[in-house]
Amino acid sequence: EVQLVESGGVVIQPGGSLRLSCAASGFTFDDYTMHWVRQAPGKGLEWVSLIRWDGGTTYYADSVKGRFTISRDNSKNSLYLQMNSLRTEDTAFYYCVKDGGGYYHMDVWGQGTTVIVSS
Amino acid sequence: QSVLTQPPSVSAAPGQKVTISCSGSSSNIGNNYVSWYQHLPGTAPKLLIYDNNKRPSGIPDRFSGSKSGTSATLGITGLQTGDEADYCCGTWDSSLSAYVFGTGTKVTVL
């Protein structure tokens, strides 16, 4: 069974740093692009970042560019999101998502982890 | 704010059909493939349609997708109470070099 399990969500003060992790299982992790997607309270889905299979190509939403860094460790079947200079507007539920391959589409979603940025 | 526009809500009686539109531009829908996601409260989103009109295994054929120009449409036939959820389109935006989601549409079964 394909499974994605996020961890690392906490309550943190503005300006702080945090690293989210995602443990993947049930598929060949290093064959696939991976994404982070978030949903703020009362808002819709917002794509955050993606990283291609070998980690050589990454993309970011403008809202997090320069503050967040996506990375992966294929030897550990793990995806990460380093979040720096956190803002209150980064408060959201963060999902780790597997891409389906081919043209970008998100076929497997984790259950998510909550990040609350508040003083 | 999202570059893909959807109606905030649609509704219909059980057994009826609803369609949800997703309007974009040449930099996203016009030149890329569209996906649709279902999001029920308290659960992870689910992929319903990818590559404009393909259904992953396990998704019933009551769900269909189409694309024309810079717009895409999700259709749901034989509406069921379990279909009450938020539905969201998504695609790559070549100008932004970013994946973009639609504004989301809440489906209500009357």
Cβ-Cβ below 6 Å, separation at least six or inter-chain, first residue in region B:1-16 and farther than 15 Å from B:LEU74 by Cβ, second polar (S, T, N, Q) and crowded, with 18+ Cβ neighbours inside 10 Å: which pairs?
B:SER2/B:THR103
Test of understanding: among A:ASP54, A:ASP30, which residue is touching a residue at least 40 places away in the same chain (Cβ under 8 Å), touching an Asp or Glu at 6+ places or on another chain (Cβ under 8 Å), more than 10 Å from chain B (Cβ to nearest Cβ) and more than 29 Å from B:ALA85 (Cβ to Cβ)?
A:ASP30
Test each condition in (1) open to solvent by 70 Å² or more (accessible area, probe 1.4 Å); (2) in contact (Cβ under 8 Å) with a residue 40 or more places away in the chain; (3) polar (S, T, N, Q) for B:SER57 and report the one that comes out false.
(2)
If you go through A:TYR59, A:TYR80, the only one that is more than 10 Å from chain B (Cβ to nearest Cβ), within 28 Å of B:PRO56 (Cα to Cα), of a type in the set (Phe, Trp, Tyr) and open to solvent by 10 Å² or more (accessible area, probe 1.4 Å) is A:TYR80
Does B:ALA44 qualify as being within 11 Å of chain A (Cβ to nearest Cβ) and of a type in the set (Gly, Ala, Ser)?
yes
Test of understanding: among B:PRO7, B:PRO56, which residue is within 24 Å of A:GLN39 (Cβ to Cβ), within 11 Å of another protein chain (Cβ to nearest Cβ) and modelled with pLDDT of 95 or more?
B:PRO56
All positions within region B:78-110 that are crowded, with 18+ Cβ neighbours inside 10 Å, without any contact (Cβ under 8 Å) to a residue 12 or more places away in the chain and farther than 20 Å from A:ASP107 by Cβ
none
Taking region A:85-111, which residues are open to solvent by less than 20 Å² (accessible area, probe 1.4 Å) and at the interface with chain B (Cβ under 7 Å from one of its Cβ atoms)?
A:TYR95, A:HIS105, A:MET106, A:GLY110
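Could you go through region B:70-86 and let me know if any residue there is of a type outside the set (Lys, Arg), within 21 Å of A:TYR59 (Cβ to Cβ) and at the interface with chain A (Cβ under 10 Å from one of its Cβ atoms). Reasoning before the result, please.
Of the residues in region B:70-86, the ones of a type outside the set (Lys, Arg) are B:70-86.
Still in the running and within 21 Å of A:TYR59 (Cβ to Cβ): none.
No, region B:70-86 has no match at all.
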If a residue must be among the hydroxyl-bearing types (Ser, Thr, Tyr), open to solvent by less than 10 Å² (accessible area, probe 1.4 Å) and in contact with a Pro (Cβ under 9 Å, 6 or more places away or on another chain), how many such residues does region B:15-41 contain?
1
Turns out the strands (runs of 3 or more DSSP E) fully within region A:43-119 with at least 2 residues that are touching a Phe, Trp or Tyr at 6+ places or on another chain (Cβ under 6 Å) are A:45-51, A:78-83, A:92-99, A:113-117
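The values are calculated or read from the model by the stated rules, or taken from the named source; none is laboratory data. Just so it is clear, the model here is predicted, and its values are computed rather than measured. Every residue, glycine as well, gets a Cβ built from its backbone with ideal geometry; the counts of neighbours run over all protein chains shown. Keep in mind that these areas ignore ligands, DNA and RNA; they rest on the heavy atoms of the full protein, side chains included. Shrake-Rupley method; radii C 1.70, N 1.55, O 1.52, S 1.80 Å.
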